[in-house]
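The values are calculated or read from the model by the stated rules, or taken from the named source; none is laboratory data. Quick caveat, the model's predicted, so the values are computed rather than measured. FYI the Cβ positions are ideal-geometry reconstructions off the backbone, even for glycines, and counts take in every protein chain you see.
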Amino acid sequence: MAAPATTQGAHLLRLILSCRKITAQVTCPSTHSIVAMASSTEQEFAKEYRAKLNRFPRANIFWDSKTASRIGDKIAVRLRETGVSSVRIDVQEELSRPLHYRKMVGPFFDSVKRSGITIDGAEGLIFLG
């Protein structure tokens, strides 16, 4: 019973951030294939994106902590559908992010945890804001 838990916990959760979008993907370490993915470019976020794109003055960042939280909910649902209950993160990668991004992704990790997915390594992160 302990072997599947360690294999299952080895899935890697990565965030790809830019000023235009946030993407979360979970990969299997043995095959490097994507197990689950969620992004702010999905259809349900299109209306909000267009509103920010057409606003004057134009926003510098097209996603916020609310969007990050909703992406966290989506990835958690998709992980549960595939049977993954635990993921790990690269703490050094998360700590190397600029402070304004770290503040905005805090709600992402909170929403994934609230959905019942264990995140190994997130306990070392401190999100301000």
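A single member of ALA46, ALA24, ALA122 is touching a residue at least 40 places away in the same chain (Cβ under 8 Å) and aliphatic (A, V, I, L, M), and it is ALA24.
For region 94-101, the condition of being on the phi < 0 side of the Ramachandran plot, of a type outside the set (Phe, Trp, Tyr) and under 14 Å from the mean Cα position of the chain (by Cα) holds for at least one residue. The number of residues in region 113-129 that are aliphatic (A, V, I, L, M) and either modelled with pLDDT of 95 or more or closer than 17 Å to SER85 by Cβ (or both) comes to 3. Here is the figure for region 15-27: residues that are surrounded by fewer than 16 Cβ atoms within 10 Å (Cβ to Cβ) and touching a helix residue (DSSP H, G or I) at 6+ places or on another chain (Cβ under 9 Å) total 1.
Determine, yes or no, whether ALA3 is in a helix (DSSP H, G or I), among the aliphatic types (A, V, I, L, M) and at pLDDT 85 or above.
Judged against the criteria, ALA3 is not a match.
Between GLU48, GLU93, GLU42, GLU81, the distinction of being surrounded by fewer than 14 Cβ atoms within 10 Å (Cβ to Cβ) and either in contact with a strand residue (DSSP E or B) (Cβ under 6 Å, 6 or more places away or on another chain) or more than 20 Å from LEU125 (Cβ to Cβ) (or both) belongs to GLU81 only. Here is the figure for region 9-39: residues that are hydroxyl-bearing (Ser, Thr, Tyr) and touching a Gly at 6+ places or on another chain (Cβ under 8 Å) total 0.
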